[in-house]
Amino acid sequence: MTATRGLEGVVATTSSVSSIIDDTLTYVGYDIDDLTENASFEEIIYLLWHLRLPNKTELAELKKQLAKEAAVPQEIIEHFKSYPLNNVHPPMAALRTAISLLGLTDSEADVMNPEANYRKAIRLQAKVPGIVAAFSRIRKGLDPVEPKEEYGIAENFLYTLNGEDPSPIEVEAFNKALILHADHELNASTFTARVCVATLSDIYSGITAAIGALKGPLHGGANEAVMKMLTEIGEVENAEPYIRSKMEKKEKVMGFGHRVYKHGDPRAKHLKEMSKRLTNLTGESKWYDMSIRVEEIVTSEKKLPPNVDFYSASVYHSLGIDHDLFTPIFAVSRMSGWIAHILEQYDNNRLIRPRAEYTGPDKQTFVPIDERA
Ligand code: COA
């Protein structure tokens, strides 16, 4: 038995949800470029969960179901209110705890038939934007804002976060960002979710586990790390010495490189374009200019193209979102993909239990504790 480090290149399951072939990302066979330009995030949710696009009636029904379940349970509000009024609680830890708590308050949590699992899927997708927005407001001493029934997920998230109506361009940018992050084949958090529910554990456990995996800076946490880096760079002229010093110290530049894409992440160009538009609009084009300079240096020196997280940092910053909420926002979007994969796993389940190549000592003889040095 020989281990494959990081499971690189290992094909661990079949899936009909999304694919990455020749650096092209598709959801159920639709190119991400096409979907980003033309779809709403709700259409993507339907596509991922039903493996086909909805007609008008089906989309309207999904939106109705999501709106009906959008309120954040009082238990979660009270839980967030029990935190001290400062930033000591990292939002991803709060979100991970909140989703686990949501499972505890759902009387159907352990009902495992497809209908109950679909109802739980709706609840999770409907509530996660409000949970992130409520956390953000409560930690600032503000009251949570009720979502508007007539708004879609993108509009409602920005509205419940800031308490004011977002502009059409902000909604368009956020809708695109949600679509671009919705699914990504067998990424680390999706694999985590599938491993968890393949034991026939419940959907809340699968999502809680996935959030834990997304939190790390090699995965979803990279977008926040990119913003930290841009903030440290501060001005365009500092980019070159900053990045060169990082490279000399053999440190990774966050937002670059990818396990699967070798010639570039197809999602990055959409976020780059949005970053340009939004930073222009806010009069803070320095974030875009700095990002461009960092990209130039990293691609020429290391031949590493930017990934989805690199330009999403300046996009979210331009939308006025707190930097430590960037990864929870990734979770709001990826919830749709996690759920699609969990439902697919339940539908054709087999326990996921790989092997390890043993590298420890062999043939040891037990020494009683009194005789050990
Ligand atoms: N900056 C500098 N060097 C990088 C790099 C980065 N962002 N990403 C990869 N490399 C280098 C590694 O140092 C390594 O070089 P070496 O062979 O000389 O040691 C080589 O490229 C392979 O990297 P490795 O970490 O083994 O690749 P991986 O497939 O395991 O990891 C990522 C993929 C995404 C985790 C990795 O590229 C990374 O850490 N990127 C930064 C974090 C990030 O943006 N994550 C979000 C992913 S969407």
Percent antiparallel among DSSP beta bridges with both residues in the chain, to the nearest 5?
90 percent
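Find the all-direction average of the projected area of the Cα convex hull for segment 9-122, expressing the result in square nanometres with one decimal place.
Result: a mean projected hull area of 10.7 nm².
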Exposure proxy order (Cβ contacts within 10 Å, fewest to most) of Val253, Val10:
Val10, Val253
Fewest first, what order do Met112, Met274, Met229 take by the number of other Cβ atoms within 10 Å?
Met112, Met229, Met274
Give me Leu218, Leu48 ranked fewest to most by other Cβ atoms within 10 Å of their Cβ, as a rough exposure proxy.
Leu218, Leu48
May I ask for the equivalent-ellipsoid semi-axes of segment 154-212, computed as the square root of five times each C-alpha gyration tensor eigenvalue and listed largest first in whole Å?
31, 14, 7
For the chain: relative contact order, % (alpha-carbon pairs under 8 angstrom, 6 or more apart):
23 percent
Have a look at Ser167, Ser107, Ser275 and tell me which one the Gaussian network model of the chain (Cα, springs below 10 Å) gives the largest fluctuation.
Ser107
Simple label model, 7 Å out from Cα along Cβ direction - Glu301 to Leu200, nm:
5.4 nm
Pairs of Cα atoms farther than 30 Å apart, the chain, %:
40 percent
Sorted by mean Cβ packing within 10 Å, highest first, what order do the peptides 11-24, 113-126 take?
113-126, 11-24
Within straight-line cross-link reach of Lys176, aspartates and glutamates at Cα separation under 16 Å, skipping those fewer than 8 residues along the same chain
Asp31, Asp33, Asp34, Glu37, Glu42, Glu43, Glu155, Asp265, Glu273, Asp309
Output the DSSP H helices from the chain with an along-axis C-alpha extent of no less than 24 Å and a mean Kyte-Doolittle hydropathy no less than -1.0.
114-138, 326-347
Here FRET efficiency (C-beta to C-beta, Arg353 to Thr97, R₀ 30 Å, nearest 0.05) is 0.60
Which value in nm describes the separation of the simple spin-label points at Asp34 and Thr365, placed 7 Å from the Cα toward the beta carbon?
7.0 nm
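Every read-out reported here was derived from the displayed coordinates using simple, explicitly stated rules and does not represent laboratory data. Remember, it's a predicted structure, so these values are computed and weren't measured experimentally. FYI the Cβ positions are ideal-geometry reconstructions off the backbone, even for glycines, and counts take in every protein chain you see.
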